[in-house]
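Below you'll find the structure, written out as structure tokens, and then a few comments.
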Amino acid sequence: MTTHAIEIRRLLPADAALYRDIRLEALRLSPEAFGSAYETESVHPVEWFAERLAHGAAILGAFWGGELAGIVGFFAAEGPKRQHKGMLFGMYVRQQARCAGVGRLLVESALELAVQSVELVQLAVVKGNEPAVRLYRSMGFVEYGLEQHALKIDGRYYDDILMMKDLVGRD
């Protein structure tokens with residue numbers, strides 16, 4: 001399939017079962033990439049996920065061949081001192097959809113949403129996830145720091161690479 005067959009749209013409460021399924025898959029298969037845990041979210045019913053989609057940050061979904069193949073979240077910070085910044089989070093692309101352009105389209109769509117409300121976008125990516133780091137760099141994100149021991153899973157620490165993209169092009 002080509003990238004033309006990929007549809008990106010904001011997930012709605014009606015998509016809660018699909019969102020719950022992919023979110024739990026992400027937490028189970030890539031626990032080091034997310035601040036939350038499978039054990040924490042798997043106990044929540046579909047209605048909890050519907051509530052998140054209705055009242056939380058924007059969650060974008062990539063539909064490829066009729067299936068939800070990837071997700072990414074975006075939220076703008078609140079308050080007069082931080083409202084110029086936004087955050088990409090929760091990026092996940094299912095194994096069968098990797099290298100098909102799904103991740104790039106998700107980030108592009110999130111940035112289109114972000115530019116409407118913020119001046120810069122930040123994200124954290126686990127150190128060692130080279131495909132994700134390459135994708136973000138190719139889209140203009142730059143590293144600005146490293147959060148050591150960002151997560152601890154089963155006694156092992158994981159560091160987060162902190163990245164940002166300036167949307168207004170100033171130095």
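Side notes on the structure shown:
- The order of Leu11, Leu151, Leu120, going from fewest to most other C-beta atoms within 10 Å of their C-beta, is Leu120, Leu151, Leu11.
- Of the residues Ile59, Leu146, Leu11, the one whose Cα sits farthest towards the positive end of the charge dipole of the chain is Leu146 (charges of +1 on Lys and Arg Cβ, -1 on Asp and Glu Cβ, taken about the Cα centre).
- Sequence-separation-based contact order of the chain, relative, with Cα cut under 8 Å and 6+ spacing, percent: 19 percent
- Interchain or long-range residues, amide H under 5 Å from Ala69's placed H: Ala62, Phe63, Trp64
- Charge context of Gly145, other residues only, Cβ under 11 angstrom, K/R +1, D/E -1: -4
- Range in the chain, longest, excluding exposed trypsin sites (Lys or Arg not before Pro) [loop by DSSP; at most 11 other beta-carbon atoms within 10 Å]: 83-169
- Residue of Ala62, Ala50, Ala14 that the Gaussian network model of the chain assigns the largest fluctuation, springs spanning Cα pairs under 10 Å: Ala14
- Model label sites at Glu130 and Glu67, defined 7 Å from Cα along the beta-carbon direction, differ in position by 2.7 nm.
- Candidate aspartates and glutamates for bridging to Lys165, where Cα separation is under 13 Å - those fewer than 8 sequence places away on the same chain excluded: Glu108, Glu112, Glu119, Glu143
- Distance between the modelled labels on Ser42 and Glu108, one decimal in nanometres: 3.6 nm (7 Å Cα→Cβ projection).
- Rough spin-label spacing in nm, given labels placed 7 Å along Cα→Cβ, for Asp159 and Lys85: 2.1 nm
Computed from the coordinates by the stated procedures, all read-outs in this text should not be read as laboratory data. Just so we're clear, the structure is a prediction, and the values are computed from it rather than from any experiment. Neighbour counts are summed over all protein chains in view; Cβ atoms, including those assigned to glycine, are modelled from backbone coordinates with ideal geometry.
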